[in-house]
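Everything on this sheet refers to the single structure shown next.
The values are calculated or read from the model by the stated rules, or taken from the named source; none is laboratory data. Keep in mind that this is a model prediction, so the values were computed, not measured. Every residue, glycine as well, gets a Cβ built from its backbone with ideal geometry; the counts of neighbours run over all protein chains shown.
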Amino acid sequence: MIELPNILIVDDIPSNLTYLRIVLKGIDANLIEAGSGREALEKIEGAQLSLAILDVQMAGMNGYELAVKINENRFTDSVPIIFLTAAFPNNEQILTGYESGAVDYIIKPLNKKILISKVNIFLQLFRQKQLIVESREELRRSELEVQKGREQMQMLNHHLINAREEERAAISLMIHDELGQALTALKIDLNWLHNNGGNEQVHSKLEKMIATTNDIIRKVQRISSELHPKMLTDLGLADAIEWYCGEQQERSGLKFELMLEEAGSKDFKRDLALFRIIQEALTNVIRHARASKVAISIQYATNGTFMTITDDGTGIDPGILEASNSMGLFGMRERARQCNGTLEIVGNNPSGTCVRVFVPTLKKE
């Protein structure tokens, strides 16, 4: 239910107050009546006023003094005041009135139509102000909802990244322990067959089978390592990157220039995020960039870790950077954000692409 706006009417002569009440009877507002300035201040305490109609000449506290009291603590929502006076005010009185908050003067005896017309204008202004306030409040609530949704989305992304890493670790372990062991056992049996009889044709066939098995074992080891780079834990980020880039160079022919500082302290969450960003970035380079060389740099500073990945390929379309379906780029940004870091992708001049990552140093509690 919409509350009616409040209008304060104050006059120390009861008949004048009664007349005001009768004149304003048809106004769609709640009238607060007072016969003195002190009574008025008591009645409006904590109330929101849309307008005040005050008699200037009152015993005790006059209209000017009351107007100052009404608005002295209303810094952002001052109340418009109409002064009622029996004689046209002089310039000094007008100035005093405006300084105390007046927006208009009405000379007694009151003209009913003029008073109602002025009151309706101020009520309309008040309602428009309320609509603006409500719109701002609704906008603020909407912004809070958007922020809440954004935070929930980030929490979900972090959960999905962590769940994905756990799943990769589990699959890597299964591949290494079950498939790897089974292939090793197969290789042992093939070697036994090769060394224990059979003609030259059988020996040749077994040698090829052993070579194929060795190749499968290497691929299984590589897949297991890429799924869950145990080397990160055992040797650190720099060695893991060197190993991975060596694998990519062998497979794709890319040349790598590595400038990798050794970290002063281990941070597996940071190292894993940077390693995954490198994996995704190199995947994009191999698939799309038609590059021949990639440079990777990692530097450690007091405030955090700086990493750049630069290629000499064809560059990246700016539209792709903003595309909502670029899941690889989205994943890279989320990896950085998960460490409270930032990731920027820029085109080089005249060609190529550069990925810049910054991960702040984790503050110790």
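Would you point out the residue of segment 54-71, among those that are farther than 26 Å from residue 112 by Cβ and charged (D, E, K, R), that is surrounded by the most Cβ atoms within 10 Å (Cβ to Cβ)?
69
Just for segment 22-50: of the residues that are of a type in the set (A, V, I, L, M) and assigned to a loop (DSSP other than H, G, I, E, B), which one is farthest from residue 130 (Cα to Cα)? Lay out the reasoning, then the answer.
First, the residues of segment 22-50 that are of a type in the set (A, V, I, L, M): 22-24, 27, 29, 31-32, 34, 40-41, 44, 47, 49.
Checking which are assigned to a loop (DSSP other than H, G, I, E, B) leaves us with 24, 27, 29, 44, 47.
On the way: 24: 22, 27: 18, 29: 14, 44: 19, 47: 15 Å.
Per the stated criteria, the residue is 24.
Which ones in segment 295-315 are crowded, with 18+ Cβ neighbours inside 10 Å and either free of Cβ contacts under 8 Å to residues at least 12 places away in the same chain or under 15 Å from residue 345 (Cα atoms) (or both)? Walk me through it before giving the result.
At the first step, the residues of segment 295-315 found to be crowded, with 18+ Cβ neighbours inside 10 Å are 296, 298, 304-305, 307, 309-313, 315.
Once the filter is applied, which keeps residues that are crowded, with 18+ Cβ neighbours inside 10 Å and either free of Cβ contacts under 8 Å to residues at least 12 places away in the same chain or under 15 Å from residue 345 (Cα atoms) (or both), segment 295-315 yields 296, 307, 309, 310, 311, 312, 313, 315.
Based on this model, can you work out whether residue 9 counts as of a type in the set (Val, Ile, Thr), part of a loop (DSSP other than H, G, I, E, B) and crowded, with 16+ Cβ neighbours inside 10 Å? Don't jump to the end; show me each part of the working.
Numbers: of a type in the set (Val, Ile, Thr): yes; part of a loop (DSSP other than H, G, I, E, B): no; crowded, with 16+ Cβ neighbours inside 10 Å: yes.
So residue 9 does not fit the description; no.
Name the pairs: first residue in segment 45-70 and assigned by TED's automatic domain parsing to the domain that holds residue 86 and closer than 23 Å to residue 30 by Cα, second residue in a strand (DSSP E or B) and of a type in the set (Ser, Thr, Tyr), Cβ to Cβ under 7 Å, at least 6 apart or on different chains?
56/85
Tell me which residues, restricted to segment 227-239, are closer than 16 Å to residue 359 by Cβ and either modelled with pLDDT of 85 or more or of a type in the set (Phe, Trp, Tyr) (or both).
Kept after step one, since they are closer than 16 Å to residue 359 by Cβ, are these residues of segment 227-239: 232, 236-238.
Correct list: 236, 237, 238.
Taking the residues in segment 248-262 that are assigned to a loop (DSSP other than H, G, I, E, B) and under 34 Å from the mean Cα position of the chain (by Cα) as candidates, determine which candidate is modelled with the lowest pLDDT.
Here is the first cut: in segment 248-262, the residues assigned to a loop (DSSP other than H, G, I, E, B) are 253-254, 261-262.
Next cut, under 34 Å from the mean Cα position of the chain (by Cα) only: 261-262.
Numbers: 261: 90, 262: 84.
So, considering only residues that are assigned to a loop (DSSP other than H, G, I, E, B) and under 34 Å from the mean Cα position of the chain (by Cα), the one modelled with the lowest pLDDT is 262.
For (1) of a type in the set (Gly, Ala, Ser); (2) modelled with pLDDT of 85 or more; (3) surrounded by 11 or more Cβ atoms within 10 Å (Cβ to Cβ), each residue gets a yes or a no:
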residue: 52; (1), (2), (3): yes, yes, yes
residue: 76; (1), (2), (3): no, no, no
residue: 87; (1), (2), (3): yes, no, no
residue: 96; (1), (2), (3): no, no, yes
residue: 101; (1), (2), (3): yes, no, yes
residue: 111; (1), (2), (3): no, no, yes
residue: 131; (1), (2), (3): no, no, no
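Return the total of residues in segment 180-221 being at pLDDT below 75 and surrounded by 15 or more Cβ atoms within 10 Å (Cβ to Cβ).
1
Could you identify the single residue in 278, 296 that is more than 29 Å from the chain's Cα centre (by Cα), of a type in the set (A, V, I, L, M) and closer than 21 Å to residue 222 by Cβ? If you could, list the steps in order and put the result at the bottom.
Details: 278 fails: more than 29 Å from the chain's Cα centre (by Cα).
On inspection, the qualifying residue turns out to be 296.
Out of the residues in segment 12-47 meeting the condition of being β-branched (Val, Ile, Thr) and over 22 Å from residue 107 (Cβ atoms), tell me which one is surrounded by the fewest Cβ atoms within 10 Å (Cβ to Cβ). Full working, then the answer.
Of segment 12-47, the ones β-branched (Val, Ile, Thr) are 13, 18, 22-23, 27, 32, 44.
If we keep only those that are over 22 Å from residue 107 (Cβ atoms) too, we end up with 32, 44.
Details: 32: 16, 44: 19.
Filtering segment 12-47 for residues that are β-branched (Val, Ile, Thr) and over 22 Å from residue 107 (Cβ atoms), the one surrounded by the fewest Cβ atoms within 10 Å (Cβ to Cβ) comes out as 32.
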